[in-house]
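Structure first, then comments.
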Amino acid sequence: MPVPLFDLSRLGPRVDEAVKEAALRVLGHRGYVLGAEVEGFENDLAAYLGGGHAVGMSSGTDAQLALLMAMGIGEGDAVISTPYTFFATAGCIHRTGAEILFCDIDPATFMMDPESLRSLLASLKRGPEGFLLSPKGNRLRLIVPIHLFGALCDMDGLGAVAAEYGVEILEDAAQSLGAEYASKEGVKKAGLIAPTSYVSFYPSKNLGAAGDAGVALCLDAEMAEKLRRVRNHGMEQRYYHKVVGGNFRIDAIQAAVLRAKLPFLDGWNATRRANAATYREAFTAAGLLDRVTLPAEPHLASGLKNHHIYHQYVIRVPKRDAVMAHLVEKKIGCAIYYPVPLHLQECFAYLGHKPGDFPVSEQAALKSLALPIFPGLRGEEIQEVVGGIKSALD
Ligand SMILES: Cc1ncc(COP(=O)(O)O)c(C=O)c1O
């Protein structure tokens, strides 16, 4: 039985109708750029998150770039992130002119590890003004941990290390909208744990647009004003440019579609979690747990329902490429997120890294395999996926 990796049509006719109605409404009133549709979505999203400010952007990538620009990050600065993730995070840091410093990940969770962060920060020297400097002499301004695959980083752990060294955190919540974290200050939703954050609404995300879209999130009203300026060429008054920005505006159609889909998000996330539980049962029943490592659930003990929202279901498996080839032959959807860690990407060769520099990220890139997890995936399809992996490994 073929199994798709992802199938948007499984969201069903109710969602299709809501999306069409929203898009047609915008086509009807022709208010395509900013305005009430965008503000409506931004307000609904902030209410869903329980506070803060949401500034709709043309993509998750542009949301991050706008945040970095609003913070004034550029040449002479350095920003820390991880090498095992989607390219955008490091790409944006590079585009501002800042230096990228990589920090390796935790082998169980795939995310920034507070201890690796601590040893990286401890290795940096302080300049005469008291700021931490990269080995190239750039001022460390920011740390960007990534909540990968729908799980959440150890934000209290990372926050404590960052505070000890006086550096701020910008949270990449591109893949984690709806996830909840039991911080030492109380329960927070991904996107509002650190002072600034961004989310992607790429169509395959848990909350996906009908095209590209994203949002920048922040706790501070002044930062939100800066972000609104930056997304619109640095303008407040038309044709008067306070700062240099870009065209990072979210389309009104996308905002309307996202606003229509937002009420479904918690239900979809619950379905993804139920699919993960079915995988666990199926892998256990198949006797594969000695060979296959299932995704970690680092915050299960918090007791929060949305401790993980399973944007992706990424296992680690021996002979990964052979297993993948076997699944592909059986028309079972699967993918490698991500095959080449960022420190070894051709475009970052100028950073001078070599294989072995970030061994945990390199191992993750060699062993990980993403399986279907989307809402609407059927129990018998999960059995088929697990059966396919068993026949490849036995
Ligand atoms: C971790 C991460 N960061 C950033 C982005 C960039 O978002 P977008 O594709 O909306 O530009 C993505 C999107 O796939 C992502 O997964």
*ALA63 being more than 25 Å from GLN312 (Cβ to Cβ) and either open to solvent by less than 30 Å² (accessible area, probe 1.4 Å) or in contact with a Lys or Arg (Cβ under 9 Å, 6 or more places away or on another chain) (or both)*: no
Among ALA160, ALA151, the single one that is at pLDDT 95 or above, under 21 Å from GLU115 (Cβ atoms) and open to solvent by 10 Å² or more (accessible area, probe 1.4 Å) is ALA160
Scanning segment 355-394 for residues that are buried (at least 16 other Cβ atoms within 10 Å of the Cβ) and in a loop (DSSP other than H, G, I, E, B), the one farthest from the chain's Cα centre (by Cα) turns out to be ASP357
I'd like to check something: does segment 228-240 contain any residue that is in a strand (DSSP E or B), surrounded by fewer than 24 Cβ atoms within 10 Å (Cβ to Cβ) and basic (Lys, Arg)? no
Across (1) open to solvent by 20 Å² or more (accessible area, probe 1.4 Å); (2) farther than 24 Å from LEU24 by Cα; (3) part of a loop (DSSP other than H, G, I, E, B); (4) of a type outside the set (A, V, I, L, M, F, W, C), SER176 clears everything bar (1)
*Taking LYS331, is it surrounded by fewer than 21 Cβ atoms within 10 Å (Cβ to Cβ) and under 30 Å from GLY191 (Cβ atoms)?*
no
**Item:** PRO203 open to solvent by 10 Å² or more (accessible area, probe 1.4 Å) and within 14 Å of VAL144 (Cα to Cα)
**Value:** no
Tell me, please, whether a residue that is open to solvent by 30 Å² or more (accessible area, probe 1.4 Å), within 16 Å of the ligand (Cβ to nearest atom) and either under 30 Å from LYS331 (Cα atoms) or not acidic (Asp, Glu) (or both) can be found in segment 45-57.
no
In the set ALA274, ALA296, the lone residue that is of a type in the set (A, V, I, L, M), assigned to a loop (DSSP other than H, G, I, E, B) and open to solvent by 20 Å² or more (accessible area, probe 1.4 Å) is ALA296
Here the residues within segment 149-182 that are away from the ligand (no atom under 16 Å from the Cβ) and within 21 Å of ALA70 (Cα to Cα) are ALA162, GLY166, VAL167, GLU168
Within segment 183-199, residues being over 19 Å from MET71 (Cβ atoms) and either hydroxyl-bearing (Ser, Thr, Tyr) or within 16 Å of the ligand (Cβ to nearest atom) (or both) number 2
Practice item. For segment 224-244, state whether one or more residues are touching a residue at least 40 places away in the same chain (Cβ under 8 Å), touching a Pro at 6+ places or on another chain (Cβ under 8 Å) and over 20 Å from LYS20 (Cβ atoms). Key: no
Worksheet item: Is segment 211-223 home to any residue that is within 12 Å of the ligand (Cβ to nearest atom), in contact (Cβ under 8 Å) with a residue 60 or more places away in the chain and surrounded by fewer than 20 Cβ atoms within 10 Å (Cβ to Cβ)?
Response: yes
Considering every residue within segment 33-40, establish whether at least one is under 22 Å from ALA365 (Cα atoms), of a type outside the set (Ser, Thr, Tyr) and open to solvent by 30 Å² or more (accessible area, probe 1.4 Å).
no
Q.
Kindly evaluate PHE264 against the criterion of being surrounded by 14 or more Cβ atoms within 10 Å (Cβ to Cβ) and closer than 30 Å to ALA70 by Cβ.
A. no
Result of the Cβ filter at 7 Å on segment 329-354, keeping first residues that are in a helix (DSSP H, G or I) and partners that are open to solvent by 30 Å² or more (accessible area, probe 1.4 Å), at least 6 apart or interchain, is LEU342/PHE87; HIS343/HIS353; HIS343/ASP357; LEU344/HIS353; LEU344/PRO355
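The values are calculated or read from the model by the stated rules, or taken from the named source; none is laboratory data. Computed from a prediction, not measured in an experiment: that's the story for all the values here. Glycine gets a Cβ as well: all are built from the backbone with ideal geometry, and neighbour counts include every protein chain shown. Please note that ligands, DNA and RNA were not included when accessible areas were found on the heavy atoms of the full protein model with its side chains. Shrake-Rupley method; radii C 1.70, N 1.55, O 1.52, S 1.80 Å.
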